[in-house]
Amino acid sequence: MWFIVNLSSEISDALETRRGRRVRAVFAGLGITVGALLAGLIGVISMGGLVSVFGLGESPIVRVLQGNYIQVGFAGFAVAYLFWQREWDRYVKIRRPTLEDAGWIVGLPLLFAAQGFVLPPVLAAVGLPHPQPGTGMEELALETRPLLWPVAFIGMYLFAAPAEELVYRGIVQGRLRATFDTFGVVILGGLLFGVMHFLVGLMTQGVSFGGSLYWGIDTVVPGLAWGYAYERTENLLVPAVTHAMVWTIALHEIVLHVLTV
């Protein structure tokens, strides 16, 4: 019996070491990632059910936001986690944008343009197919459907992107920051962001394992970029705005088009 008690004490002491705290932080980040994903799955099922019940599946407004049902679950998870931890100042860092913030908002899409030009051929060369999930999202062409842009702005810029960034930049990185330096926080946060998208791919109809892996790798880069931008600015508005831009304005695609002309 004394051996078991002594071993338990040694394990407890080991967990209090720096390495032990880091291991716990990594598992906590992974737990938050998986927990938010499960909540997101509930959000997808719930919102899909409501749309079906009320016969709104063909509504242009609903189709615009159909790909963002998962963020409903993210938002619910984030609110529940924040009420549980009661550390709002630690996890929710939002303020008025500065010139530096504006620079990040302009610069990040250019980075994503470079990624869109370089990474797909590399992944294709190693046999990873580009996933083509059927999200049902409408093209947000401002010149042809201007009335949909207020819907997109409210649904994506004011809700979906902030909800996802609150989970993966605010909460996940906020949890990691207690035991890791900036480099460790950004790397781990970006990898966990990629893991989440890999798992989403596995659960998405029509996306193969290779496509899911492609999705996971492809999202590590923006995860790292948004993570570093957040660590530098400590303002969730920066990753949230540029995240929503990827869904709507697609400035990186415009840059790619210019580069290929």
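Identify all residues within region 61-120 that are out of contact with any helix residue (DSSP H, G or I) (no Cβ under 7 Å at 6 or more places or on another chain), assigned to a helix (DSSP H, G or I) and acidic (Asp, Glu); write none if there are none.
Hit for region 61-120 is ASP89, nothing else.
Count, please, the residues in region 3-37 that happen to be small (Gly, Ala, Ser), touching a helix residue (DSSP H, G or I) at 6+ places or on another chain (Cβ under 8 Å) and at pLDDT 85 or above.
Let us first name the residues in region 3-37 that are small (Gly, Ala, Ser), namely 8-9, 12, 14, 20, 25, 28-29, 31, 35-36.
Still in the running and touching a helix residue (DSSP H, G or I) at 6+ places or on another chain (Cβ under 8 Å): 14, 20, 25, 28-29, 35-36.
Add one more test, that the residue is at pLDDT 85 or above, and what stays is 25, 28-29, 35-36.
Looking only at that region, the number is 5.
List every residue pair whose Cβ atoms sit under 9 Å apart, with the two residues 6 or more apart in sequence or on different chains, where the first one lies in region 16-32 and is more than 19 Å from THR182 (Cβ to Cβ) and among the β-branched types (Val, Ile, Thr) and the second, anywhere, is surrounded by fewer than 14 Cβ atoms within 10 Å (Cβ to Cβ) and modelled with pLDDT under 90.
VAL23/LEU15
Would you mention how many residues in region 47-63 are in contact with a Gly (Cβ under 7 Å, 6 or more places away or on another chain) and of a type in the set (A, V, I, L, M, F, W, C)? Spell out how you get there, then give the answer.
Residues of region 47-63 that are in contact with a Gly (Cβ under 7 Å, 6 or more places away or on another chain), as a first pass: 51, 63.
From what's left, of a type in the set (A, V, I, L, M, F, W, C): 51.
Counting residues in region 47-63 that are in contact with a Gly (Cβ under 7 Å, 6 or more places away or on another chain) and of a type in the set (A, V, I, L, M, F, W, C) gives 1.
Any residue at all in region 127-135 that is touching a residue at least 40 places away in the same chain (Cβ under 8 Å) and in a helix (DSSP H, G or I)? Lay out the reasoning, then the answer.
Here is the first cut: in region 127-135, the ones touching a residue at least 40 places away in the same chain (Cβ under 8 Å) are 127-135.
Next, from what is left, pick out any that are in a helix (DSSP H, G or I): none.
Looking through region 127-135, none of the residues is touching a residue at least 40 places away in the same chain (Cβ under 8 Å) and in a helix (DSSP H, G or I).
How many residues are small (Gly, Ala, Ser) and surrounded by fewer than 16 Cβ atoms within 10 Å (Cβ to Cβ) when one looks only at region 90-123? Reasoning before the result, please.
From region 90-123, those small (Gly, Ala, Ser) are 102-103, 107, 113-114, 116; that's our starting set.
Next cut, surrounded by fewer than 16 Cβ atoms within 10 Å (Cβ to Cβ) only: 102-103, 107, 114.
Here the count works out to 4.
Could you pull out the residue among PHE77, PHE83 that is farther than 29 Å from LEU147 by Cα and under 16 Å from the mean Cα position of the chain (by Cα)?
On the way: PHE83 fails: under 16 Å from the mean Cα position of the chain (by Cα).
It is PHE77.
Restricting the first residue to region 170-183 and requiring it to be under 12 Å from GLY29 (Cβ atoms) and buried (at least 24 other Cβ atoms within 10 Å of the Cβ), which pairs with a second residue that is among the polar types (S, T, N, Q) and at pLDDT 95 or above meet a Cβ separation below 7 Å and a spacing of at least six or different chains?
From residues that are under 12 Å from GLY29 (Cβ atoms) and buried (at least 24 other Cβ atoms within 10 Å of the Cβ), the pairs are VAL172/THR33.
The values are calculated or read from the model by the stated rules, or taken from the named source; none is laboratory data. For clarity, every value in this text was computed on a predicted model and none was experimentally measured. Cβ: placed from backbone, ideal geometry, glycine included. Neighbour counts: every protein chain shown.
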